[in-house]
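Structure first, commentary second.
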Amino acid sequence: MRIEVDRERCVGAGMCALTDPEVFDQDEVDGTVLLLEPSPTGAHEGKAREAASLCPSGAIRVVG
Ligand code: SF4
């Protein structure tokens, strides 16, 4: 699987970083999402999908 994030859409809610801090982080300045691992594996796949569904702005996309 591959993850894409759209930092223009991100509203800095932080649900992604709470869901899996090894895949997502937040910019220290504006709080927008930082993608640490674009191709998560194992247990991180499920968490990445969960983060995408929880994101209030639809800024996280799961590809494949
Ligand atoms: S959950 Fe969505 S809106 Fe919130 S920081 Fe992550 S990508 Fe941005």
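Arg9 meets each of the listed conditions (1) among the charged types (D, E, K, R); (2) assigned to a loop (DSSP other than H, G, I, E, B); (3) more than 8 Å from the ligand (Cβ to nearest atom) apart from (3).
Which residue out of Pro40, Pro56 is crowded, with 16+ Cβ neighbours inside 10 Å, assigned to a loop (DSSP other than H, G, I, E, B) and not acidic (Asp, Glu)?
Of Pro40, Pro56, the one residue that is crowded, with 16+ Cβ neighbours inside 10 Å, assigned to a loop (DSSP other than H, G, I, E, B) and not acidic (Asp, Glu) is Pro40.
For the range 35-45, the condition holds for at least one residue, the condition being that it is away from the ligand (no atom under 12 Å from the Cβ) and of a type in the set (Ser, Thr, Tyr). Does Glu50 satisfy the condition of being open to solvent by 70 Å² or more (accessible area, probe 1.4 Å) and free of Cβ contacts under 8 Å to residues at least 12 places away in the same chain? It is false that Glu50 is open to solvent by 70 Å² or more (accessible area, probe 1.4 Å) and free of Cβ contacts under 8 Å to residues at least 12 places away in the same chain.
The single condition among (1) at pLDDT 95 or above; (2) at positive phi; (3) small (Gly, Ala, Ser) that Ala51 does not satisfy is (2).
Identify, please: which residue in the range 12-34 is in contact with a helix residue (DSSP H, G or I) (Cβ under 8 Å, 6 or more places away or on another chain) and among the polar types (S, T, N, Q) and is, among those, nearest to the ligand (Cβ to nearest atom)?
First, pick out the residues of the range 12-34 that are in contact with a helix residue (DSSP H, G or I) (Cβ under 8 Å, 6 or more places away or on another chain): 15-16, 19-20, 22-26, 33.
Filter once more, keeping what is among the polar types (S, T, N, Q): 19, 26.
On the way: Thr19: 8, Gln26: 6 Å.
Taking the candidates together, the pick is Gln26.
The values are calculated or read from the model by the stated rules, or taken from the named source; none is laboratory data. This is a predicted model, so every value here is computed, not measured. Positions of Cβ are backbone-derived with ideal geometry, glycine not excepted, and every protein chain shown enters the neighbour counts. Keep in mind that these areas ignore ligands, DNA and RNA; they rest on the heavy atoms of the full protein, side chains included. Shrake-Rupley method; radii C 1.70, N 1.55, O 1.52, S 1.80 Å.
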